[in-house]
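Participant: Mind looking over this structure? Questions follow.
The values are calculated or read from the model by the stated rules, or taken from the named source; none is laboratory data. Keep in mind that this is a model prediction, so the values were computed, not measured. When we count neighbours, we look across all protein chains shown, and the Cβ atoms used for this are built from the backbone with ideal geometry, even at glycine. Side chains included, ligands, DNA and RNA excluded: accessible areas come from the protein's heavy atoms. Shrake-Rupley method; radii C 1.70, N 1.55, O 1.52, S 1.80 Å.
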Amino acid sequence: MSLKEGKSKKIDGRLFAQEYLEKVLIPRCKIFKEVYKKLPKLSTILVGENPASESYLKLKGKFFTKLCVKSEVFRLPKETTEEELLEFINKQNNNDQIDGILVQVPLPSHINEDTIAESIAPSKDVEGLSPGNVHSWAKSLPNLVPATALGVLALLKYYKITIEGKHVVVVGRSMIVGKPVAHLLLKENATVTMCHSKSKPLEEYTRQADILIAAVGRPHLIKKGMIKDGAIVVDVGINFEDGKMMGDVDYDDLLETASYITPVPGGSGPATVCMLVSNLLLAFELNQAKRNEERLDCLRDYYGNYDTIGESGFCIG
Ligand code: NAD
């Protein structure tokens, strides 16, 4: 694919999600009913209130109704202490009825997000942020990787965008998006530059990108003149201004310049939800496989190659 194809093509996260649901998740769900005779259950924990978290929850809720996923949301008051939250998570770590635990960030400032991420049992850590899982993705070993990062990769692959040899610029270096995206794209043989709040002037870096990933949390930070002609732009940002959701990228401003671009909403969000479910199913199946190394490898490959899978009985028996 040539980078410059005239007008931009929308990277449609909803289209991807629909296809991923039909071709991958729903067929795989049969396994849970027929083979395991149990449905995977996700626990989502929210402390206090946040509009981005609420929008993500709504999206997930709608999606889960079409799937074999049981989901329970626990809303804790914003005054919850770190110790209380740790105790709550510990109970869920030891609860056999729960297969995946997700603590929605941002957390109130008196709670240390790293401490919380580290307290989740690695086998239930569907966000891929516990130390064992971070070690795996930092070493490019297949395992539980943060869903938003997986979603970015899945969208690029869905649109058959060549990654190898490309210069990717990631704006934002968080553990939940920026860093895992960079690792996933390095694994795909891209050259990756990471930018953050001290990368100045930012446009000097972003203009070099063949593929630009924005994961900042600043509405419309990336504007006209900040990308090169034909660049591919993936906007992970979810921001709210006057109740309106908007990304980190000024979509309308870049439409003429980018060759591919994600909208917000309808871009990275739906792909993240797909990958979260994929992580939940993988977590459940890794647990079922216990010490059967051959099956564990098979499962990691199966879920890791999400752009090509579809055989529902794969890695069973
Ligand atoms: P974060 O606050 O943890 O990290 C933001 C990063 O942006 C930091 O590394 C910081 O250095 C960098 N940054 C801040 N200001 C900058 C500037 N002016 N120039 C360059 N870099 C700057 O945020 P996060 O958790 O990584 O989330 C980022 C965005 O992605 C948020 O809008 C969040 O809501 C969204 N998000 C979306 C999804 C999804 O599914 N689409 C999932 C998770 C997060």
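Participant: Just need a number here: residues in the stretch 41-66 that are away from the ligand (no atom under 16 Å from the Cβ) and touching a strand residue (DSSP E or B) at 6+ places or on another chain (Cβ under 7 Å). I'd like the intermediate steps shown before the answer.
Facilitator: Filtering the stretch 41-66 down to residues away from the ligand (no atom under 16 Å from the Cβ) leaves 41, 43, 65-66.
Still in the list and also touching a strand residue (DSSP E or B) at 6+ places or on another chain (Cβ under 7 Å): 41, 43.
Result for the stretch 41-66: 2.
Participant: Moving on. Do we find that Val105 is touching a strand residue (DSSP E or B) at 6+ places or on another chain (Cβ under 8 Å) and either at pLDDT below 95 or open to solvent by 20 Å² or more (accessible area, probe 1.4 Å) (or both) in this structure?
Facilitator: Numbers: touching a strand residue (DSSP E or B) at 6+ places or on another chain (Cβ under 8 Å): no; either at pLDDT below 95 or open to solvent by 20 Å² or more (accessible area, probe 1.4 Å) (or both): yes.
Taking the combined requirement at face value, the residue does not satisfy it.
Participant: Could you go through the stretch 163-170 and let me know if any residue there is within 9 Å of the ligand (Cβ to nearest atom), open to solvent by 10 Å² or more (accessible area, probe 1.4 Å) and free of Cβ contacts under 8 Å to residues at least 40 places away in the same chain.
Facilitator: Our first condition is that a residue be within 9 Å of the ligand (Cβ to nearest atom); within the stretch 163-170, this holds for none.
Among the residues of the stretch 163-170, not one is within 9 Å of the ligand (Cβ to nearest atom), open to solvent by 10 Å² or more (accessible area, probe 1.4 Å) and free of Cβ contacts under 8 Å to residues at least 40 places away in the same chain, which makes the answer no.
Participant: When you scan the stretch 130-152, do you find a residue that is open to solvent by less than 30 Å² (accessible area, probe 1.4 Å), assigned to a loop (DSSP other than H, G, I, E, B) and of a type in the set (A, V, I, L, M), even just one?
Facilitator: Yes: one or more hits.
Participant: Let me ask another. State all residues of the stretch 171-187 that are open to solvent by 60 Å² or more (accessible area, probe 1.4 Å) and either of a type in the set (Ser, Thr, Tyr) or more than 19 Å from Val216 (Cα to Cα) (or both); if no residue qualifies, say none.
Facilitator: Leu186, Lys187
Participant: Can we say Leu276 is closer than 24 Å to Val24 by Cα, near the ligand (Cβ under 9 Å from one of its atoms) and not in a strand (DSSP E or B)?
Facilitator: Working: closer than 24 Å to Val24 by Cα: yes; near the ligand (Cβ under 9 Å from one of its atoms): yes; not in a strand (DSSP E or B): yes.
Yes, satisfied.
Participant: Related question: Of all residues in the stretch 227-244, how many are closer than 25 Å to Pro146 by Cα and more than 10 Å from the ligand (Cβ to nearest atom)?
Facilitator: If we filter the stretch 227-244 for residues that are closer than 25 Å to Pro146 by Cα, which is where we start, we get 231-240.
Of the ones still in play, those that are also more than 10 Å from the ligand (Cβ to nearest atom) are 231-233.
So the answer is 3.
Participant: Any chance you could count how many residues in the stretch 154-181 are modelled with pLDDT of 95 or more, closer than 22 Å to Gly266 by Cα and part of a helix (DSSP H, G or I)?
Facilitator: Result for the stretch 154-181: 5.
Participant: Which of the residues spanning the stretch 188-206 are of a type in the set (Ser, Thr, Tyr) and either in a loop (DSSP other than H, G, I, E, B) or surrounded by fewer than 18 Cβ atoms within 10 Å (Cβ to Cβ) (or both)?
Facilitator: Step one: filter the stretch 188-206 for residues of a type in the set (Ser, Thr, Tyr), giving 191, 193, 197, 199, 205-206.
Within the stretch 188-206, Thr191, Thr193, Ser197, Ser199 qualify.
Participant: So Pro263 passes all but one of these: (1) part of a helix (DSSP H, G or I); (2) touching a Phe, Trp or Tyr at 6+ places or on another chain (Cβ under 6 Å). Which condition number does it fail?
Facilitator: Unmet for Pro263, out of (1) part of a helix (DSSP H, G or I); (2) touching a Phe, Trp or Tyr at 6+ places or on another chain (Cβ under 6 Å): (1).
Participant: Right, next: Identify the single condition in (1) open to solvent by 10 Å² or more (accessible area, probe 1.4 Å); (2) away from the ligand (no atom under 14 Å from the Cβ) that Ile261 does not satisfy, given that it satisfies every other one.
Facilitator: Result: Ile261 fails condition (1) only.
Here is a yes/no grid of residues against (1) buried (at least 18 other Cβ atoms within 10 Å of the Cβ); (2) assigned to a loop (DSSP other than H, G, I, E, B):
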{"position": "Arg14", "(1), (2)": "no, no"}
{"position": "Gln18", "(1), (2)": "no, no"}
{"position": "Val24", "(1), (2)": "yes, no"}
{"position": "Pro27", "(1), (2)": "no, no"}
{"position": "Lys33", "(1), (2)": "no, no"}
{"position": "Glu79", "(1), (2)": "no, yes"}
{"position": "Glu87", "(1), (2)": "no, no"}
{"position": "His110", "(1), (2)": "no, yes"}
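Participant: For the stretch 207-215, state whether one or more residues are under 30 Å from Asp125 (Cβ atoms) and open to solvent by 40 Å² or more (accessible area, probe 1.4 Å). Give the steps one after another, and end with the answer.
Facilitator: From the stretch 207-215, those under 30 Å from Asp125 (Cβ atoms) are 211-215; that's our starting set.
Narrowing the set further to residues that are open to solvent by 40 Å² or more (accessible area, probe 1.4 Å) leaves none.
Checking the stretch 207-215: not a single residue is under 30 Å from Asp125 (Cβ atoms) and open to solvent by 40 Å² or more (accessible area, probe 1.4 Å).
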